[in-house]
1. In µm²/s, what is D for the chain at 25 °C and 0.890 mPa s, where D = kT/(6 pi eta Rh) by Stokes-Einstein and Rh is the Kirkwood radius from Cα pairs?
2. Based on DSSP H runs of at least 4 residues, each adding -39500 (n - 2.57), what is the mean residue ellipticity at 222 nm of the chain after dividing by all its residues, to the nearest 500 deg cm²/dmol?
3. Using a 1.4 Å probe on the protein chains only, how many percent of the accessible area of the chain belongs to carbon and sulfur?
4. Name the residues whose placed amide hydrogens come within less than 5 Å of the amide hydrogen of Asn180, ignoring near sequence neighbours (fewer than 5 apart) on the same chain.
5. Less than 27 Å apart at the alpha-carbon level, and either on another chain or at least 8 residues along: which lysines does that give for Lys200?
6. Using per-residue counts of other Cβ atoms within 10 Å, averaged over each peptide, order 99-105, 118-124 from highest down.
7. Keeping every protein chain present and rolling a 1.4 Å probe, give me the accessible area per residue for the chain in Å².
8. Evaluate the relative contact order of the stretch 124-205 (contact order divided by residue number), counting alpha-carbon pairs under 8 angstrom at least 6 apart; express in whole percent.
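The values are calculated or read from the model by the stated rules, or taken from the named source; none is laboratory data. Just so you know, these numbers come straight off a predicted model, no measurement behind them. Using ideal geometry, Cβ is built from the backbone for each residue, glycine included, and neighbour counts are taken over all protein chains shown. The accessibility values were calculated without ligands, DNA or RNA, using every heavy atom of the protein model including side chains. Shrake-Rupley method; radii C 1.70, N 1.55, O 1.52, S 1.80 Å.
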Amino acid sequence: MKPHEIEQLSFQIIDGEAGDHGFSTDQWPVVRRVIHTSADFEWQQMIRFHPQAIVSGVSAIRSGCPIITDTNMARAGIRQRDLARFGGTVNCYMADERVAETAARKGITRAKAAVDVAAPEITGGIYVVGNAPTALLRLVELIDQGTLRPALVVGLPVGFVNAAESKALLLECDVPHVTNVGRKGGSNVAAAVVNALIIKAGDDS
């Protein structure tokens, strides 16, 4: 089977096993791609969408907004060639010298420092967190302060320390977001969410 045939068959299997999932026609392609990436149907119960998440995310992608990720793994997983047709870029600042210097000077994680370095690009852009709860906590802090307002936050950090807690705080934010409850997450599923939105942006244009 060719790659696209494998993907389509996988989606058919997911649709069949998911049953009456209750997601909207805009939300389901995102959830389905996350399940496809993770082979985990628990995402049907875990994932959460802000009411404006899909519309805001797709609109931002079409406008050529910057997408910033907390890890190079998430960056590598995003369909940058498809994104390029809209003029968008994907950046990760974890290896930036300014991030390393700030993290060392302040005694904070590089993920948290990277949010501050990326701050000028975040308003109107998409910030993707798949690994680092400290990045999401800092992002929520700056949103609450009114310092910045992303078009969309994809907040899916994985782990045992502050992962669930950081996502619970994001759920309380009145900013478009896609997140989940609990410890599960990861750069792969965060990239899958963005890819689903990139595909929708292309299909609907």
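1. 145 µm²/s
2. -16500 deg cm²/dmol
3. Percent of accessible area from carbon and sulfur atoms in the chain: 50.
4. Arg48
5. Correct list for Lys200: Lys2, Lys167, Lys184.
6. In decreasing order of mean packing, 99-105, 118-124 become 118-124, 99-105.
7. Value returned for the chain: 47 Å² of accessible area per residue.
8. Worked out over the stretch 124-205, it gives 34 percent.
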